[in-house]
1. Consider Val71 carefully, then state whether it is at pLDDT below 90, in contact with a helix residue (DSSP H, G or I) (Cβ under 6 Å, 6 or more places away or on another chain), of a type in the set (Val, Ile, Thr) and under 23 Å from Gln19 (Cα atoms).
2. Of the residues that sit in the range 17-59 and are within 14 Å of the chain's Cα centre (by Cα) and at pLDDT below 90, which one is farthest from Asp69 (Cα to Cα)?
3. With the structure loaded, tell me whether Phe116 is of a type in the set (Phe, Trp, Tyr) and modelled with pLDDT of 85 or more or whether it fails that test.
4. Could you figure out which of (1) modelled with pLDDT under 90; (2) within 23 Å of Asp28 (Cβ to Cβ); (3) not hydroxyl-bearing (Ser, Thr, Tyr) isn't true of Val111?
5. Report yes if some residue within the range 64-71 is among the acidic types (Asp, Glu) and within 14 Å of Asp130 (Cβ to Cβ); otherwise report no.
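The values are calculated or read from the model by the stated rules, or taken from the named source; none is laboratory data. Source: prediction; values computed, not measured. Every residue, glycine among them, receives a Cβ derived from its backbone with ideal geometry; neighbour counts consider all protein chains shown.
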Amino acid sequence: MQTLNQLIQKLNDFATNHQQVHSFGFGDLWEIEASGAKNGTVMWANVVNGSVDVIGKQATMDFRVCIMDLVKKDESNENEVLSDCYLIALDLVAYLNYQTNWDNYTMSSNVPMTPFTERFDNDWSGWIIDVTLQNRFTSDYCQIPLN
């Protein structure tokens, strides 16, 4: 089973190794501006929901991932930013899907992607990707650290 920290690290590894992503952050969306990320493409993630299906033995975490870049004040590069961020979003989906072949989680087959423009204080544009990752949940009482 993958922990939240391991899944965040997996997202960070993608962002760090992708040649078009310049920085990665994790937390609430309002923290993007406070992070100081202002140059190049940013990937920002947050866990927005979680659930456990005891009968189906699945623990699920829903992540919201924003891939974005700054748009010039005259918006002359807005389509370019949206296009580049879309391709990076597709790369992320492919990366996470590939990882399921050898890691202990699965990804939902439907990954909603929503474009946005002129968000936050610095005119960010990009894509929001909603990714659901599922782990096996064995509900093993013997593994609980009880005294």
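1. yes
2. The selected residue is Asp28.
3. yes
4. Only one criterion in (1) modelled with pLDDT under 90; (2) within 23 Å of Asp28 (Cβ to Cβ); (3) not hydroxyl-bearing (Ser, Thr, Tyr) is unmet by Val111, namely (1).
5. No: the range 64-71 contains no residue that is among the acidic types (Asp, Glu) and within 14 Å of Asp130 (Cβ to Cβ).
Rundown of residues vs (1) out of contact with any Phe, Trp or Tyr (no Cβ under 7 Å at 6 or more places or on another chain); (2) more than 18 Å from Leu4 (Cβ to Cβ); (3) touching a residue at least 40 places away in the same chain (Cβ under 8 Å); (4) of a type in the set (A, V, I, L, M, F, W, C), yes/no style:
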{"site": "Thr41", "(1), (2), (3), (4)": "yes, yes, yes, no"}
{"site": "Val52", "(1), (2), (3), (4)": "no, no, yes, yes"}
{"site": "Glu80", "(1), (2), (3), (4)": "yes, yes, no, no"}
{"site": "Ile88", "(1), (2), (3), (4)": "yes, yes, yes, yes"}
